[in-house]
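Enquirer: Input: one structure, supplied below.
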Amino acid sequence: MIPFEINKEYALRNIYYEFDKSLLTDNSKLELDKLLVFLNDNPKISIELSSHTDNKGEEAYNLSLSEERAKNCVAYLLSKGISSERLVAKGCGESTPIAKNNKPDGTDNPEGRAKNRRKEFKIISLGN
């Protein structure tokens, strides 16, 4: 069994949305199905699923967009039978970047912005 850590963030790869939208794509659902297997295999674990944006656009808008995206991920897992008591959606907007959105000379950094547009989950309870 893999040891799980409370409050450690785990990246979810390949969860994408159309530009400026919060609806999940079919490919994103395939990725969430992997998380679904994890949750079904560990029925006592509860998670927080967070969504992050880059810094393009207004901060308040990015926060709202990230909240909707996180809620849609949770709604998908709920539709697959995961209990609402085990899931928390959290929108983080642009508040916690993991890469620079701009290069040192001030120009755009597309690679950095792409890294910042991410989904993560962390285990908030092992349910022991």
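Enquirer: Of the residues that make up segment 30-38, is at least one assigned to a helix (DSSP H, G or I), among the aliphatic types (A, V, I, L, M), free of Cβ contacts under 8 Å to residues at least 12 places away in the same chain and more than 17 Å from GLU94 (Cα to Cα)?
Expert: Residues of segment 30-38 that are assigned to a helix (DSSP H, G or I), as a first pass: 30-38.
Remaining after also requiring among the aliphatic types (A, V, I, L, M): 30, 32, 35-37.
From what is left, the residues that are free of Cβ contacts under 8 Å to residues at least 12 places away in the same chain are 37.
The next check asks that each one be more than 17 Å from GLU94 (Cα to Cα); those that pass are 37.
Yes, the conditions are met somewhere in segment 30-38.
Enquirer: Would you call ASN14 on the phi > 0 side of the Ramachandran plot and touching a helix residue (DSSP H, G or I) at 6+ places or on another chain (Cβ under 7 Å)?
Expert: yes
Enquirer: Of the residues LEU32, LEU39, only one is touching a helix residue (DSSP H, G or I) at 6+ places or on another chain (Cβ under 6 Å) and closer than 13 Å to ILE82 by Cβ; which?
Expert: Working: LEU39 fails: touching a helix residue (DSSP H, G or I) at 6+ places or on another chain (Cβ under 6 Å).
Result: LEU32 is the single residue among LEU32, LEU39 that is touching a helix residue (DSSP H, G or I) at 6+ places or on another chain (Cβ under 6 Å) and closer than 13 Å to ILE82 by Cβ.
Enquirer: While we're on this one: Every residue in segment 32-58 that is touching a strand residue (DSSP E or B) at 6+ places or on another chain (Cβ under 6 Å) and either under 15 Å from THR96 (Cβ atoms) or of a type outside the set (Ser, Thr, Tyr) (or both), please.
Expert: Within segment 32-58, ILE45, ILE47, GLU48, LEU49, SER50, SER51, HIS52, THR53 qualify.
Enquirer: Scanning for something surrounded by fewer than 18 Cβ atoms within 10 Å (Cβ to Cβ), in a helix (DSSP H, G or I) and either in contact (Cβ under 8 Å) with a residue 40 or more places away in the chain or out of contact with any Asp or Glu (no Cβ under 9 Å at 6 or more places or on another chain) (or both), does segment 86-107 turn up at least one residue?
Expert: Among the residues of segment 86-107, not one is surrounded by fewer than 18 Cβ atoms within 10 Å (Cβ to Cβ), in a helix (DSSP H, G or I) and either in contact (Cβ under 8 Å) with a residue 40 or more places away in the chain or out of contact with any Asp or Glu (no Cβ under 9 Å at 6 or more places or on another chain) (or both), which makes the answer no.
Enquirer: Could you please find all residues in segment 57-83 being closer than 14 Å to GLU94 by Cα and of a type in the set (Phe, Trp, Tyr)?
Expert: Within segment 57-83, TYR61 is the sole residue that qualifies.
Enquirer: I've got another one for you. Among the residues in segment 73-80, are any farther than 16 Å from ILE15 by Cα and free of Cβ contacts under 8 Å to residues at least 12 places away in the same chain? Lay out the reasoning, then the answer.
Expert: First pass over segment 73-80, keeping only residues farther than 16 Å from ILE15 by Cα: 78-80.
Remaining after also requiring free of Cβ contacts under 8 Å to residues at least 12 places away in the same chain: 78-79.
Yes, segment 73-80 contains a residue that is farther than 16 Å from ILE15 by Cα and free of Cβ contacts under 8 Å to residues at least 12 places away in the same chain.
Each reported figure results from applying straightforward, stated rules to the coordinates on display, with no laboratory input. Given the structure is predicted, the values throughout are model-derived calculations rather than measurements. For neighbour counting, all protein chains shown are included, and Cβ atoms are generated from backbone atoms with ideal geometry for every residue, glycine included.
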